[in-house]
Amino acid sequence: MKTRAFAIMIIFIAFSCGSDSQKHTIPDKSDNSDEMEQEQPKLRYLALGDSYSIGESVDPSMRYPVQIADSLEKRGYLMEDPRIIAVTGWTTSDLKAGIAAASPQGPYDLVSLLIGVNNQYRGLDMNTYKKEFGELIDQSILFAGNNTGRVIVLSIPDWGVTPFASGRDREKIAREIDQYNAINKEITMSKEIVWIDVTAISRLALNDATLIAGDGLHPSGKMYTEWVRLAVPEIVKMLKEE
């Protein structure tokens, strides 16, 4: 009897251990939101430009490409850190060379382009700007996987309203900025690409010093925020169309 009772006890213990082990090997699928979030691919954003894209004289977190990515994140889009190819002082030809050196690999889910202020500042030929801007637009489309619906162009701000321009011919600067913007807008619209007018916002700095960075020339983070408020709704529309 003792031998039989002992055998029954051993079987009971083995059964109990097997049941517990089986319980622990079954994963709980009740909450896999974190796992799903990790599996969802992040959107890639390429920003091309000059000092305005790199955010000269502002904290990196206030650069307009970074603010765009942050705003999209808040709207539920998972974003990689923006890839920014831009250097203060770059003209269209400098940006072309910079892109060739950086060799960004597409496709990107979003590409932004803002270039031309240094062409104007140096008094370069507008026909050269027209040619090179057109080439940069075509490159931007290529980086976006040949999808014009994933490219945006921002207009050139008017630096003539800044303290840096004091003593210069502000009307001439404004007139030339408008001419450059007329060129890039025409090319942009001909490709059915979204064109964002930030020039009007930049001109508000004439009477609002908070829109200018500490160097007296470049936009402040506050001004970039205003640009982003214009751009993000358009970007969201673009992203929802696919």
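Odds and ends about this structure:
- Residues that are part of a loop (DSSP other than H, G, I, E, B) and within 16 Å of the chain's Cα centre (by Cα) within the range 70-96 comprise ARG75, GLY76, TYR77, LEU78, GLU80, ASP81, PRO82, VAL87, listed in sequence order.
- The range 196-218 residues that are under 22 Å from GLY89 (Cα atoms), paired with ones that are open to solvent by 20 Å² or more (accessible area, probe 1.4 Å) and part of a loop (DSSP other than H, G, I, E, B) (beta carbon under 7 Å, 6 or more apart): ALA213/SER57; ALA213/VAL58; GLY214/SER57; ASP215/SER57; HIS218/GLU56; HIS218/SER57
- If you go through the range 106-135 and pick out every residue that is in contact with a helix residue (DSSP H, G or I) (Cβ under 6 Å, 6 or more places away or on another chain) and either of a type in the set (A, V, I, L, M) or without any contact (Cβ under 8 Å) to a residue 40 or more places away in the chain (or both), you end up with 5.
- Of all residues in the range 130-140, those being within 15 Å of GLN120 (Cβ to Cβ) and open to solvent by 10 Å² or more (accessible area, probe 1.4 Å) number 2.
- For the residues GLN67, GLN40, the requirement of being open to solvent by 10 Å² or more (accessible area, probe 1.4 Å), at pLDDT below 95 and out of contact with any Gly (no Cβ under 7 Å at 6 or more places or on another chain) singles out GLN40.
- Flag for SER61 being within 30 Å of VAL117 (Cβ to Cβ), modelled with pLDDT of 50 or more and assigned to a helix (DSSP H, G or I): yes
- Qualifying residue in the range 97-105 (condition: closer than 25 Å to ARG170 by Cβ, in contact (Cβ under 8 Å) with a residue 24 or more places away in the chain and not in a helix (DSSP H, G or I)): no
- When the range 50-69 is limited to residues that are out of contact with any strand residue (DSSP E or B) (no Cβ under 8 Å at 6 or more places or on another chain) and acidic (Asp, Glu), the one that is farthest from GLN120 (Cα to Cα) turns out to be ASP59.
- Scanning the range 204-242 for residues that are polar (S, T, N, Q) and assigned to a helix (DSSP H, G or I) yields THR210, THR225.
- Counting the residues of the range 141-200 that are open to solvent by 70 Å² or more (accessible area, probe 1.4 Å) and part of a helix (DSSP H, G or I) gives 13.
The values are calculated or read from the model by the stated rules, or taken from the named source; none is laboratory data. None of the values given here were measured: they were computed from a predicted structure. Cβ atoms come from the backbone with ideal geometry, glycine included; neighbour counts cover every protein chain shown. Surface accessibility is based on the protein's heavy atoms, side chains included, excluding ligands, DNA and RNA. Shrake-Rupley method; radii C 1.70, N 1.55, O 1.52, S 1.80 Å.
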